[in-house]
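Worksheet: the structure to be examined is printed underneath.
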Amino acid sequence: MPTRIAPSCIALIVAGGSGQRFGAERPKQYLDLAGKPVLRRTVEAFLDHPEVTGVRVVIDPTWRDAYDAAVAGLGLPDPVTGGASRQDSVRNGLEALAADGAPDLVLIHDAARPLIDAATIGAVIGALDSTAGAIAAVPVADTLKRGSSGAIAGTVDREGLWRAQTPQGFRFPAILEAHRAAAGLSLTDDAAVAERAGLAVALVPSKEDNFKVTTPDDLSRATRAIMSSLWDVRTGSGFDVHRFTDGDFVTLCGLRVPHDHGLEGHSDADVGLHALTDAILGALAAGDIGSHFPPTDPRWRGADSAKFLRHAADLVAERGGVIAHADVTIICERPKVGPHRAAMAERIAQILGIEVGRVSVKATTTEQLGFTGRREGIAAQAVATVRLPG
Ligand code: MG
């Protein structure tokens with residue numbers, strides 16, 4: 001039997017809208033949705049799909065900086081410049097894909113539908129085995145009324161009616177030709193462009209969650225949907241101690257704090273970040289900092305402990321989770337932590353990629369009792385709360 005070669009399939013994400021209906025300071029696709037920009041969630045849904053070979057985004061270049069920030073680190077090719085209408089933007093995107101060596105299939109998707117699921121993406125791709133086009137859609141369940149001056153003028157038969165969503169998938173050469181032929185017309189979706197060209201387009205049953213984020217209420221609904229899926233809430237604790245040695249500064253919570261001693265350790269001896277790293281690893285039941293970064297490994301000599309903390313945050317992200325909260329307590333007589341607390345919280349939030357309002361840094365002494373009271377070293381304890389998919 002000949003081996004079937006998987007078709008190349010590019011997801012073309014349409015993010016050209018200026019989102020004026022939303023009334024926010026920036027287009028909705030660049031707003032935060034449960035810790036990540038809407039656009040990043042949309043792009044990741046396709047990048048993570050095994051049958052999608054690449055992602056290209058069409059944007060309004062006015063928002064290039066917001067775009068770059070939203071997709072940082074995802075390794076996307078340069079975005080395509082959108083046009084005056086959605087239809088123009090899609091056509092520009094298709095032309096850009098053609099110029100880069102035309103994929104077999106293209107999935108055209110709204111940036112503002114971040115909750116698209118892998119099963120629907122796979123079903124649209126699968127339908128393209130036997131038809132030139134296939135779109136995600138949901139059957140109309142409500143009874144439909146035609147209105148006139150605020151009163152019912154008639155009941156519309158809903159039999160056979162569907163609400164079109166995206167992704168809308170097509171064999172690439174067919175939809176490119178159809179879009180070229182429809183240039184200058186005003187059609188509301190790509191299926192309409194395909195229909196006009198006489199292409200057969202299948203309806204693929206999708207999910208209500210794949211709604212388009214259009215209003216602030218929609219953004220709240222999407223946030224609730226994501227948060228309710230992260231119902232496995234874990235709390236981890238961490239504790240660390242480093243002893244004083246000669247030196248003129250200590251590294252605490254990522255900051256260099258002047259002091260009449262340094263801290264002894266294999267890495268930069270940042271007790272605060274070590275305790276917090278262990279707290280996050282604890283929440284994941286993923287071992288401790290020593291098992292991930294053995295002190296016997298010369299690579300970690302003098303290392304910036306931000307690297308350890310970021311690793312723990314990456315493990316949370318790999319599990320599809322979020323860090324809901326981090327709380328660090330520094331225990332020492334000196335140096336005084338108070339003046340640095342705000343900057344320490346800022347630095348931790350930056351390393352973790354979360355809002356500073358989710359990070360707490362506190363300090364206490366032990367009333368001159370014990371090893372911290374005798375100024376032999378610094379201790380730190382931390383608690384982290386992590387939300388994982390159930
Ligand atoms: Mg340590």
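The values are calculated or read from the model by the stated rules, or taken from the named source; none is laboratory data. Fair warning: this is a prediction, and the values are worked out from it, not measured in the lab. Note that each Cβ is placed from the backbone with ideal geometry, even for glycine, and that neighbours are counted across all protein chains shown.
Any idea which of Ala343, Ala384 is among the aliphatic types (A, V, I, L, M) and surrounded by fewer than 23 Cβ atoms within 10 Å (Cβ to Cβ)?
On the way: Ala384 fails: surrounded by fewer than 23 Cβ atoms within 10 Å (Cβ to Cβ).
So the residue among Ala343, Ala384 that is among the aliphatic types (A, V, I, L, M) and surrounded by fewer than 23 Cβ atoms within 10 Å (Cβ to Cβ) is Ala343.
Does Ser220 satisfy being loosely packed, with under 13 Cβ neighbours inside 10 Å, more than 30 Å from Asp304 (Cβ to Cβ) and at pLDDT 95 or above?
Values: loosely packed, with under 13 Cβ neighbours inside 10 Å: yes; more than 30 Å from Asp304 (Cβ to Cβ): yes; at pLDDT 95 or above: yes.
In short, yes.
Of everything in segment 353-381, what is among the β-branched types (Val, Ile, Thr), under 25 Å from Glu264 (Cα atoms) and surrounded by fewer than 17 Cβ atoms within 10 Å (Cβ to Cβ)? Give them in sequence order.
Within segment 353-381, the first condition is being among the β-branched types (Val, Ile, Thr), and the residues that meet it are 354, 356, 359, 361, 364-366, 372, 378.
Filter once more, so that each one left must be under 25 Å from Glu264 (Cα atoms): 361, 364-366, 372, 378.
Hits for segment 353-381 are Thr364, Thr365, Thr366.
One line per residue, one yes/no per condition, for (1) touching a Phe, Trp or Tyr at 6+ places or on another chain (Cβ under 9 Å); (2) not in a strand (DSSP E or B); (3) not aliphatic (A, V, I, L, M):
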residue	(1), (2), (3)
Thr277	yes, yes, yes
Ile280	no, yes, no
Gly287	no, yes, yes
Ser291	no, yes, yes
Phe308	yes, yes, yes
Ala312	no, yes, no
Leu315	no, yes, no
Asp327	no, no, yes
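Can you name the number of the only condition in (1) part of a loop (DSSP other than H, G, I, E, B); (2) out of contact with any helix residue (DSSP H, G or I) (no Cβ under 7 Å at 6 or more places or on another chain); (3) farther than 26 Å from Ser18 by Cα; (4) of a type outside the set (Phe, Trp, Tyr) that Leu199 fails?
The failed condition is (2).
Look at segment 266-298 and say how many of its residues are more than 9 Å from the ligand (Cβ to nearest atom), surrounded by 12 or more Cβ atoms within 10 Å (Cβ to Cβ) and of a type in the set (Asp, Glu).
Adding up the residues that qualify gives 2.
Report, by residue number, each residue of segment 202-224 that is part of a helix (DSSP H, G or I) and in contact with a helix residue (DSSP H, G or I) (Cβ under 9 Å, 6 or more places away or on another chain).
Listed by number, the residues that qualify are Pro216, Asp218, Leu219, Ala222.
How about segment 350-368: which of its residues are part of a loop (DSSP other than H, G, I, E, B) and closer than 13 Å to Ala379 by Cα? Working first, answer last.
Restricting attention to segment 350-368, the residues satisfying the condition of being part of a loop (DSSP other than H, G, I, E, B) are 353-355, 365-368.
Hits for segment 350-368 are Thr365, Thr366.
If we scan segment 246-255, do we find a residue that is in contact with a helix residue (DSSP H, G or I) (Cβ under 6 Å, 6 or more places away or on another chain), part of a loop (DSSP other than H, G, I, E, B), over 26 Å from Leu281 (Cα atoms) and not small (Gly, Ala, Ser)?
Taking segment 246-255 and keeping what is in contact with a helix residue (DSSP H, G or I) (Cβ under 6 Å, 6 or more places away or on another chain), we get 252-255.
From the residues that got through so far, the ones that are part of a loop (DSSP other than H, G, I, E, B) too are 253-254.
Restricting the remaining residues to those that are over 26 Å from Leu281 (Cα atoms) gives none.
Looking for residues that are in contact with a helix residue (DSSP H, G or I) (Cβ under 6 Å, 6 or more places away or on another chain), part of a loop (DSSP other than H, G, I, E, B), over 26 Å from Leu281 (Cα atoms) and not small (Gly, Ala, Ser), one finds none in segment 246-255, hence no.
Would you check if there is a residue in segment 250-259 being loosely packed, with under 15 Cβ neighbours inside 10 Å, in contact (Cβ under 8 Å) with a residue 24 or more places away in the chain, more than 21 Å from Ala345 (Cα to Cα) and of a type outside the set (Lys, Arg)? Reasoning before the result, please.
Step one: of segment 250-259, the residues loosely packed, with under 15 Cβ neighbours inside 10 Å are 256, 258.
Within this subset, residues satisfying the condition of being in contact (Cβ under 8 Å) with a residue 24 or more places away in the chain are 258.
The next check asks that each one be more than 21 Å from Ala345 (Cα to Cα); those that pass are none.
Within segment 250-259, not a single residue is loosely packed, with under 15 Cβ neighbours inside 10 Å, in contact (Cβ under 8 Å) with a residue 24 or more places away in the chain, more than 21 Å from Ala345 (Cα to Cα) and of a type outside the set (Lys, Arg).
Looking only at residues in segment 37-90 that are surrounded by fewer than 16 Cβ atoms within 10 Å (Cβ to Cβ), of a type in the set (Gly, Ala, Ser) and more than 19 Å from the chain's Cα centre (by Cα), which one is farthest from Leu187 (Cα to Cα)?
In this case the residue turns out to be Ala84.
Is at least one residue of segment 371-382 aliphatic (A, V, I, L, M), touching a Lys or Arg at 6+ places or on another chain (Cβ under 6 Å), modelled with pLDDT of 95 or more and within 21 Å of Val241 (Cα to Cα)? Outline the logic, then answer.
Taking segment 371-382 first, the residues aliphatic (A, V, I, L, M) are 378-380, 382.
Now drop any that are not touching a Lys or Arg at 6+ places or on another chain (Cβ under 6 Å), which leaves none.
No, segment 371-382 contains no residue that is aliphatic (A, V, I, L, M), touching a Lys or Arg at 6+ places or on another chain (Cβ under 6 Å), modelled with pLDDT of 95 or more and within 21 Å of Val241 (Cα to Cα).
Which members of segment 141-163 meet the condition of being among the aliphatic types (A, V, I, L, M) and within 22 Å of Asp189 (Cβ to Cβ)?
Filtering segment 141-163 down to residues among the aliphatic types (A, V, I, L, M) leaves 141, 144, 151-153, 156, 161.
Once the filter is applied, which keeps residues that are among the aliphatic types (A, V, I, L, M) and within 22 Å of Asp189 (Cβ to Cβ), segment 141-163 yields Ala141, Leu144, Val156, Leu161.
Would you mind stating whether Ser229 is in contact (Cβ under 8 Å) with a residue 24 or more places away in the chain, within 16 Å of the ligand (Cβ to nearest atom) and under 25 Å from Ala317 (Cβ atoms)? Let's see the steps before the verdict.
Values: in contact (Cβ under 8 Å) with a residue 24 or more places away in the chain: yes; within 16 Å of the ligand (Cβ to nearest atom): no; under 25 Å from Ala317 (Cβ atoms): yes.
Taking the combined requirement at face value, the residue does not satisfy it.
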